[in-house]
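*Asks:* Sharing a structure with you now.
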Amino acid sequence: MTDESSPADAKPKHRGKGGRRRKPRSKRKKALVITAWSAAAMVVLGGTGLGYVYFKLNGNIKGVDINAALGTDRPENIDNGSQDILVLGSDSRSGKNSKYGKDEGAARSDTAMIVHVYKGHKKASVVSIPRDTLITRPECAVKDGDGKVDPGGQRQMFNTAYEVGGPACAVKTVEKMSGIRMDHYVEVDFTGFKKLIDTLGGVDITTKQPIKDKDSHLDLPAGSHTLNGEQALGLVRTRHGVGDGSDLGRIQLQQAFIKALMDQVKDINLFGNPKKLYDLADSATSAITTDSDLDTVKDLAGFANGLKGIGSGDMKMVTLPIQYDPADRNRVLPLEEAGRQVWDALKADKPIPKSATDKSAGDKGSAGKVVTSD
């Protein structure tokens, strides 16, 4: 999507009871697969008439009632036909994720993307938030804290919001930063992401230079590759193998990988292979946690069906405008004026202006040019 493009027209969304948006419906009960890692890119199987399949997949999905947790202390629910989704990648080291680091008893948001789907659902913008961004974090109920409240405060790392208060605090923090109400929440963890890529059969990419990072267990020479789940996870986690070794370079790699993943999923004839379709749907629904408006197969399939027209070329991906913190080069600070341009554009359902990211350190690096679709 170019900066001059305008979102296509479509009928606006309608609110359901209690101010919540009416859930989308799949007219033909089709199965649909998209990727869950990219923010609006999740894999879903709709109702097929097979009771076992429906209830098996329905039971896979974990839901969080964000509306109940946050109550009325939220931005206005603007009903203009667009949608905003917070997509998080969790860095928990518990259970099967322990091989990626020491389990310290809490998970943080390793990856955070706000996906804005424009009216008409033909184009989207994605804003990545660096996990090391220092923000003013709002007061949040402590996750599993038996009613305890964390007061928040200034100069808090963005990814601590999830650590302190789970999905609800992550959503609340994003809404306070942006002034935009999140319509949906999607979370994927390390193990789920790996399984999803392996079930897909890998993802084809080309690397323009070698990428080697012992911390993320990645060693790729320059050239064409079909990444399995472990390698794909290594790529989206690597910080030291490319660019300046910071979280900003990793974000650029993640954005490039997401586009490659979307291109590949779109080229696969899943309806001609029912077993693979089911396996992907089973992997995807097991891998994700959603808000309670998407925690059934029917709701998730309807939501995904509304996004199927968006390809990688229809998605503009940027990083929240930031600068390095003069007091600590391992942290970054939001550029307030430029950030406001980003949020105001999305709130008005307009493209993000190029001027918003011109001075940002987040989009200056070369890491995003290292990985391309094969």
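*Asks:* Pairs please, first residue from region 186-204 and under 17 Å from Val87 (Cβ atoms), second anywhere and of a type in the set (Phe, Trp, Tyr) and modelled with pLDDT under 90, Cβ atoms under 9 Å, 6+ apart in sequence or on different chains.
*Replies:* Every condition considered, the pairs that remain are Val188/Trp37; Phe190/Tyr100; Phe193/Trp37; Leu196/Trp37; Ile197/Trp37.
*Asks:* Sticking with this one: Quick one: how many residues across region 221-239 are out of contact with any helix residue (DSSP H, G or I) (no Cβ under 9 Å at 6 or more places or on another chain) and open to solvent by less than 10 Å² (accessible area, probe 1.4 Å)? First the steps, then the outcome.
*Replies:* Here is the first cut: in region 221-239, the ones out of contact with any helix residue (DSSP H, G or I) (no Cβ under 9 Å at 6 or more places or on another chain) are 221-224, 226, 234.
Right, trim to open to solvent by less than 10 Å² (accessible area, probe 1.4 Å) and you get 234.
Residues in region 221-239 being out of contact with any helix residue (DSSP H, G or I) (no Cβ under 9 Å at 6 or more places or on another chain) and open to solvent by less than 10 Å² (accessible area, probe 1.4 Å): 1 in total.
*Asks:* Out of (1) at pLDDT 90 or above; (2) farther than 22 Å from Ile197 by Cα, the odd one out for Ser246 is which?
*Replies:* So the condition that Ser246 fails would be (1).
*Asks:* Checking the condition more than 19 Å from the chain's Cα centre (by Cα), surrounded by fewer than 16 Cβ atoms within 10 Å (Cβ to Cβ) and in contact (Cβ under 8 Å) with a residue 24 or more places away in the chain, which residue from Lys298, Lys266, Lys212, Lys275 passes? Before you say what the answer is, go through the steps one by one.
*Replies:* Details: Lys298 fails: surrounded by fewer than 16 Cβ atoms within 10 Å (Cβ to Cβ); Lys266 fails: more than 19 Å from the chain's Cα centre (by Cα); Lys275 fails: in contact (Cβ under 8 Å) with a residue 24 or more places away in the chain.
Lys212 is the lone residue from the list that is more than 19 Å from the chain's Cα centre (by Cα), surrounded by fewer than 16 Cβ atoms within 10 Å (Cβ to Cβ) and in contact (Cβ under 8 Å) with a residue 24 or more places away in the chain.
*Asks:* Next question. Take the residues in region 47-79 that are assigned to a loop (DSSP other than H, G, I, E, B), out of contact with any strand residue (DSSP E or B) (no Cβ under 8 Å at 6 or more places or on another chain) and loosely packed, with under 13 Cβ neighbours inside 10 Å; name whichever of them is modelled with the lowest pLDDT. Before the answer, list the steps.
*Replies:* The first filter runs over region 47-79 and keeps only residues assigned to a loop (DSSP other than H, G, I, E, B), leaving 47-50, 61, 65, 71-79.
Those left that are additionally out of contact with any strand residue (DSSP E or B) (no Cβ under 8 Å at 6 or more places or on another chain): 47-50, 71-76, 78.
When the remaining residues are screened for being loosely packed, with under 13 Cβ neighbours inside 10 Å, the result is 49-50, 71-73, 76.
Values: Gly49: 36, Leu50: 46, Gly71: 93, Thr72: 91, Asp73: 88, Glu76: 92.
So, considering only residues that are assigned to a loop (DSSP other than H, G, I, E, B), out of contact with any strand residue (DSSP E or B) (no Cβ under 8 Å at 6 or more places or on another chain) and loosely packed, with under 13 Cβ neighbours inside 10 Å, the one modelled with the lowest pLDDT is Gly49.
*Asks:* Now for a different question. Checking Lys123 against (1) under 27 Å from Gly306 (Cα atoms); (2) touching a Phe, Trp or Tyr at 6+ places or on another chain (Cβ under 8 Å); (3) not hydroxyl-bearing (Ser, Thr, Tyr), which test does it fail?
*Replies:* It fails just one condition, (2).
Table: residues versus (1) open to solvent by less than 10 Å² (accessible area, probe 1.4 Å); (2) of a type in the set (Val, Ile, Thr); (3) part of a helix (DSSP H, G or I); (4) within 30 Å of Asn273 (Cα to Cα).
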| site | (1), (2), (3), (4) |
| --- | --- |
| Leu134 | no, no, no, no |
| Gly147 | no, no, no, no |
| Ala161 | yes, no, yes, no |
| Val171 | yes, yes, yes, no |
| Val174 | yes, yes, yes, no |
| Arg181 | no, no, no, no |
| Glu187 | no, no, no, yes |
| Lys195 | no, no, yes, yes |
| Asp198 | no, no, yes, yes |
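*Asks:* So is Ile251 part of a helix (DSSP H, G or I) and crowded, with 18+ Cβ neighbours inside 10 Å or not?
*Replies:* It is true that Ile251 is part of a helix (DSSP H, G or I) and crowded, with 18+ Cβ neighbours inside 10 Å.
*Asks:* Identify all residues within region 336-352 that are open to solvent by 40 Å² or more (accessible area, probe 1.4 Å) and either over 15 Å from Met177 (Cβ atoms) or among the hydrophobic types (A, V, I, L, M, F, W, C) (or both); write none if there are none.
*Replies:* Matches in region 336-352: Ala348, Lys350.
*Asks:* Mind telling me which of the residues Ile211, Ile180, Ile251, Ile197 ends up being in contact with a Phe, Trp or Tyr (Cβ under 7 Å, 6 or more places away or on another chain) and modelled with pLDDT of 85 or more?
*Replies:* Ile180
The values are calculated or read from the model by the stated rules, or taken from the named source; none is laboratory data. If you're wondering where the values come from, they're calculated on a predicted model, not measured in any experiment. Backbone-built Cβ (ideal geometry, glycine too); neighbour counts: all protein chains shown. With ligands, DNA and RNA removed, areas are computed over all heavy atoms of the protein, side chains included. Shrake-Rupley method; radii C 1.70, N 1.55, O 1.52, S 1.80 Å.
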